[in-house]
Amino acid sequence: MHERSDFLIIGSGIAGLRAAADLAAHGTVTILTKADPTESNTGYAQGGIAAAIGVEDSPEEHFADTMAAGDGLCDEDAVRVLVEDGVTYVQELLEWGAAFDRDATGQPALGREGAHRVRRVLHARDATGREIGRVLWSRVAADPRVRVLRHSRATRLVVRNHRCEGAIFEDGGRGGTIEARSVLLATGGAGQVYSDTTNPAIATGDGAVMAWHAGARVADLEFVQFHPTALALEGMPRFLLSEALRGEGAWLINADGERFMSRYERGGELASRDLVSRAMVTEVARTGRPVFLSLQHLDPDWVHRRFPTIAAACQAAGLDLARDPIPVSPAAHYLMGGVETDICARTTLPGLHAAGEVACTGVHGANRLASNSLLEGLVFGARAVQAMLAPPAAGEMNNVRVVDGGPVEWLLAAEAAPPARPDLDHEVRKVMWTAVGLIREERALAPAVEQLATWSRRSNLATLGYLIARAALRREESRGGHFRADVPSRDDLNWRFHVAEKHSP
Ligand code: FAD
Ligand code: SIN
């Protein structure tokens, strides 16, 4: 199959669907999605979407909290766009019928999460992403100009004359090529590069690797966010226990039933995720026993009503969320880095745009504020549309390095991404978890980089692991989600900049 569409979107999470909702008015849209269209990180999002809509809040306050979480590396212009446009696009979601929880006055109920100084998180119980996905999907699926190719995995971007003009995909059959005037990468995150992750199986970082292979610049890959509270039961996936639980009063306790967070962090249970995660690991090392989330002091009926999805997952594991201590440990959750973009979602490769978790817009800096990710996907998915409509012009993008002419070049199927290798990928995940995880140091990073470099010829996941590990080895300081035990302080003099990479195809 070799077809043409005006616009190609790769991925059907919040970013891809929000872009599709507007693009369809301007031409034909093809969405490639590698599983069922609703299978995405978006579909699993629990806590909510942050927006400064409360009477005691303002975009200025949201800006300040986002900048503080980013630990000196946020792009101020991008953050301003996020918090200001965010209000508009969240209001639009409400107009489109998003059934967020309401308070007694009928206004959206606002939840609290770590490192937010005020309540500003809109939510649909504890399944916010599913509700947002439902609203966006119902708009997109009804539009005859949008064609969705399910179970179709993009493996390579098509590049001609240093411009992205489509993608090659496989679908279990013969696969094919879709050419388009503009391409949007919306492939989401990469939690699956770690053995312990909250992310579903689709989150393998394909977009960042494809973009890197095609010559787009990637940045900030060393900044990985580890969520403190994943359900920690032997042999079970690390199901997320939303930060909203702690936002509503849940405690972290040790095996003796003592709250321990205040001994480590002034912000207690609601300090930023990197601080809470490291405090938990330190407490486990100190006591030699696990730590738990406890809601035993809260009204059990209310707990079950407010968090039905999490309560059901706990019940399936033989635990009562409201009455039992729930064993927790940190797990890889979110990649702050990705394909570098400007504030219109343009990458450094003409014709290629990126939005959502695959992108590095600079809104998160070194660490993401809770519930800012759905917001980023929504805002930059929508903003990508204007850039995708603009007529092609080499050199228009931010910081583009256009290499001189040369013959027409295609990245053809012969060079396509190597097939998934379950055994090798299992090894990659283990190495990433032990050497490039929550606590890093040169003596473990250096051999990991070497090992991953060797494997990278055989696996996409290893390529991504290699890029993350190499950036982590390079950054000789600790900041945000990147903690080096051998250089534990932040070093603004030498390191207040981004580590970016570009591959020459
Ligand atoms: P995704 O929603 O992940 O969508 C990516 C899409 O790309 C999928 O359709 C996938 O199948 C497709 N895809 C991937 N690779 C390919 C390929 N090669 N070819 C074709 N298709 C491909 N953030 C918040 O702000 N608030 C929350 O409450 C929250 N809770 C979370 C809870 C969990 C358990 C997880 C895992 C994340 C949570 N996050 C939350 C983070 C947030 O959900 C994600 O960052 C966000 O949804 C990403 O949206 P996206 O559109 O960029 O990507
Ligand atoms: C959560 O509900 O804890 C996840 C929120 C997020 O990742 O922003």
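Any read-out appearing in this document is the output of simple, stated calculations on the displayed coordinates, not a laboratory observation. Note that this is a predicted model, so its numbers are computed, not measured. Cβ placement follows ideal geometry from the backbone for every residue including glycine, while neighbour counts extend to all protein chains displayed.
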How tilted is helix 59-69 with respect to the longest principal axis of the chain? Cα atoms for both, answer in degrees (0 to 90, nearest 10).
80
Mind putting a number on the dipole of the stretch 61-153 about its Cα centre? Charges go on the C-beta only, +1 for Lys and Arg and -1 for Asp and Glu, and I need it in Debye to the nearest 20.
700
What Kirkwood hydrodynamic radius do you get for the stretch 9-83 when you take the inverse of the mean 1/r over all pairs of distinct Cα atoms, in Å?
14.9
Cα-based Kirkwood hydrodynamic radius, the stretch 97-206, one decimal, Å
17.7
Below 13 angstrom from the Cβ of Trp495, what's the summed charge of the other residues (Lys, Arg +1; Asp, Glu -1)?
-1
With +1 on the Cβ of every Lys and Arg and -1 on the Cβ of every Asp and Glu, the dipole magnitude of the stretch 121-227 about its Cα centre, in debye rounded to the nearest 20, is 520
What is the angle, in °, between the Cα long axis of helix 422-435 and the longest principal axis of the Cα atoms in the chain? Nearest 10 is fine, range 0 to 90.
50
May I ask for the angle, rounded to the nearest 10°, between helix 128-141 and the longest principal axis of the chain, with both axes built from Cα atoms and the value confined to 0 to 90°?
30
Taking amide H positions as placed 1.01 Å from N in the peptide plane, with prolines and chain starts having none, which residues 5 or more places from Gly166, or on another chain, fall under 5 Å of its amide H?
Val158, Ala180
Order 376-388, 489-501, 79-91 from most to least packed using the mean count of other Cβ atoms within 10 Å.
376-388, 79-91, 489-501
Any idea what the dipole of the stretch 417-505 comes to, in debye rounded to 20, about its Cα centre with Lys/Arg Cβ at +1 and Asp/Glu Cβ at -1?
200
Calculated log₁₀ intensity ratio I(q)/I(0) where the Debye formula runs over C-alpha points of the stretch 153-300, q = 0.16, 0.18, 0.21 Å⁻¹
-0.90, -1.04, -1.31
Just going by the charge dipole of the chain, with Lys and Arg at +1 and Asp and Glu at -1 on Cβ, which of Val303, Val363, Ala45 is farthest out on the positive end?
Ala45
Where does the charge balance sit around Ala98 when Lys and Arg score +1, Asp and Glu -1, over other residues with C-beta under 14 Å from its C-beta?
+2
Beyond 17 Å, what percent of the Cα pairs of the stretch 41-110 remain?
51
Compactness ratio of the chain: Cα Rg over 2.2 N^0.38 Å, N = residue count?
0.92
Find how many whole Å separate the alpha carbon centroid of the stretch 317-354 from the alpha carbon centroid of the stretch 227-286.
18
Find which of Val379, Ala472, Ile132 sits farthest along the positive direction of the dipole of the chain, computed with +1 on the beta-carbon of Lys and Arg, -1 on that of Asp and Glu, about the Cα centre.
Ala472
Name the residue farthest towards the positive end of the dipole of the stretch 146-263 from the options Ile178, His213, Leu241, assuming +1 on Cβ of Lys and Arg, -1 on Cβ of Asp and Glu, about the Cα centre.
Ile178
Could you please state, rounded to a whole Å, how far the C-alpha centre of the stretch 66-96 is from the C-alpha centre of the stretch 27-59?
13
Sum of -39500 (n - 2.57) over DSSP H runs of 4+, divided by residues of the chain (222 nm, nearest 500):
-10500 deg cm²/dmol
Along each of the three principal axes of the Cα atoms of the stretch 1-138, give the extent in whole Å, ordering the values from largest to smallest.
53, 37, 25
If you look at just the Cα atoms of the stretch 238-315, how large are its Rg and its Dmax in Å?
12.7, 36
Find out how many positive minus negative residues lie around Asp143, taking Lys and Arg as positive, Asp and Glu as negative, among other residues whose Cβ is under 14 Å from that of Asp143.
+2
Rule-of-thumb Rg ratio for the stretch 117-163 [Cα; 2.2 N^0.38 Å; N residues]
1.85
FRET efficiency estimate (nearest 0.05) - Cβ-Cβ, Asp423 to Asp171, R0 35 angstrom:
0.90
